[in-house]
1. Residues in segment 21-35: is at least one part of a strand (DSSP E or B), within 27 Å of Asn293 (Cβ to Cβ), touching a Lys or Arg at 6+ places or on another chain (Cβ under 8 Å) and modelled with pLDDT of 85 or more?
2. Checking Arg169 against (1) within 27 Å of the chain's Cα centre (by Cα); (2) in contact (Cβ under 8 Å) with a residue 12 or more places away in the chain: exactly one of these is not met. Which one?
3. Is it the case, given these coordinates, that Ala468 is within 30 Å of Ile343 (Cβ to Cβ) and either of a type outside the set (D, E, K, R) or surrounded by fewer than 24 Cβ atoms within 10 Å (Cβ to Cβ) (or both)?
4. What are the pairs, 6+ residues apart or on separate chains, where a residue within segment 566-593 that is within 30 Å of Tyr460 (Cβ to Cβ) and small (Gly, Ala, Ser) has its Cβ under 7 Å from a residue that is assigned to a loop (DSSP other than H, G, I, E, B) and at pLDDT below 50?
5. When you scan segment 324-344, do you find a residue that is of a type in the set (Asp, Glu) and free of Cβ contacts under 8 Å to residues at least 12 places away in the same chain, even just one?
6. Among strands (runs of 3 or more DSSP E) lying entirely in segment 330-419, which contain 2 or more residues that are of a type outside the set (A, V, I, L, M) and under 27 Å from Ile106 (Cβ atoms)?
7. For Arg194, all conditions in the list (1) under 16 Å from Ser255 (Cα atoms); (2) basic (Lys, Arg); (3) buried (at least 16 other Cβ atoms within 10 Å of the Cβ) hold save one; what is the number of the exception?
8. Give Gly159, Gly163, Gly142 a once-over and let me know the one that is at pLDDT 95 or above and under 34 Å from the mean Cα position of the chain (by Cα).
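The values are calculated or read from the model by the stated rules, or taken from the named source; none is laboratory data. Quantities reported herein were computed from a predicted structural model and do not represent experimental measurements. Every residue, glycine among them, receives a Cβ derived from its backbone with ideal geometry; neighbour counts consider all protein chains shown.
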Amino acid sequence: MLGVSCEGCEMKIRQLLMCGSLATLVAATPWAYTLDLVADHGDVRAYPQKADYDPGEIVRLIPQPDTGFSFSHWGGDASGKRLMNEMTMDSDKNVVAHFEQWSPPIGIPLPQFGIVENHTMYEDQHYDFGSGLEPYRDAGNGPYTHYVNSSHPQATDVGNTFGTDAIPRATFPDSLTEGSVVEIHNGPYEISLRDVVGTVNKPIFVRGTSKSNKFSVNSMAGGSYNVMHSNYLIVEHAVFTGVRIQVGHDTSHISFRHCEIDGNETNPGVYLWTHKATYEPGDLKEHIVFYDNEVHDCGVYPASSETYCAFMIDDATQNVWIVDSHIYENGEDGVHILDRDSIPYDPPSADRIFVGRNVFHHDIENAIDIKGSTNVIVSQNEMYGYDVIVPASNGDAVRVNDEGAQDNIWILFNRIFDSKYGIGAYGAEDPPYIIGNLLHDLEGAVINGGTGDVIGNVVYSCGRGIEAGGGSKTIANNIVAYTDTNVITGGSDVRNNLFWQNGEVETCVDCVDGNPLFAAAAARDFKVEEDSPAIDQGSASRIEVLCTLYSSLYGVDLRKDFEGVARPQGSEWDIGAHEFRAEGIFADGFESGDTQKWTTTVPPL
């Protein structure tokens, strides 16, 4: 009668009909809710994306920034700064995603190229179309030099080197010069970007017109979209389906952004790959940016064996940024960094790999697998949904392996949850530094194996705690709450941690046993309230040494908390991942920046 199918519903409706209350039931219990999403300088993707939602249905919202922006915070019926906002549909919802001018994730240096450059830089500029300089053309989507639309009835390459919106080219042009802007519509196309050389002042753009109007790419021979011997190139607003993006050596300053990379379960995603047959000493792949991309189904998920990664990075690769992206359901790792012994001339290991502010989930093995490499920074990512799916998998969200030497591996300010394990360091030659992370709702150990210093993290509601293994390391300023066993094991200097409702704890110097007074632990908000025993109880000795080292390596100040608040705010560092900051008014009536003068009292006139 009403399309209702649930235990007891039919009897309840009959009872309500008898007492004339059916209209009240229908009015009070809607069968669907709507979700209205608004964004400034970006978009929001809802998973699942539907016209309306069942009562109680869970929706996950992930922000996608426009060029030159990064996600800031949620508004409307959502709040906070989480990259993945999980919402229960118990009413009609209106959600606002706020973005701000792009800044790198905490601790990650600024890239030289690829984030803020825009093809609109060529407005009022001139280009040589073959008969001397002329103004750039514009068909309503900004300046262009080449116009490609294979679906247009007038499309032709015959005598049509550049193409226009009236008579487009049917295929991608054979060669591009500095300052070229290739506007591409529809597809699919076979494209190879070899010897595409722009300059810092005149980069080359290969672009669809917007996030909602991407061009599509199919595979060349061998299933690869090849980029080699190219410089100062931006590819944006494209869909790669069943295509491996393969970036070869002697390539620098390239950027892929606002793209979807769908392996179609048959191909890897992105390979930054050294071709051993053609490698020559000094060849590099460097200054490469992947910004605001969606990378999924590279290989089969779930499956009985591992297949392909979303990103594979090997030797002779330097200065890579993977930022502000959504990486999920791939057949091996989200990001895999390795050192291949088979390449002649012994090229340098991957160096300065920066992975920040991405959402990773449900890949076959790990979100991030770090093998032979140096100066790898993993910062402000959200990772969940990692479990033992295939025999090669251990269920770690982040894994640091003993396959090749590592040095300066930093795992900073990430949220890891709903997985088997958090961070596993298995025989790593140089154990990772683990600072400022939120690790909660994990089945096993949150930090497992031969870790380095473990400082300023929150561990909450996990099967096991910090299992640091042997060796000399500092385990300090961590909050560990509601953890069953092995709360902290290993470590030569265990101090200034806060424990609450755990199993047995080993020896700890100047530690606190008490309720940390989280702001909203049920909602997994681990900021502390003003009466928390964590405030001003941390140790600064080792973390200050690491901050000095970090500044010397990367030119970035690491004295920050999980949300970028400067530390310390009081007389000492706070315990945990968040630094307490009073939300009040300065006693002197001015925003002097002196937090010691904050008060909740309005100063007299």
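1. yes
2. Going through the list (1) within 27 Å of the chain's Cα centre (by Cα); (2) in contact (Cβ under 8 Å) with a residue 12 or more places away in the chain, Arg169 breaks only (1).
3. no
4. Gly584/Thr600
5. yes
6. 350-356, 359-361, 373-379, 382-384, 396-400, 406-412, 415-419
7. Condition not satisfied by Arg194: (3).
8. Gly142
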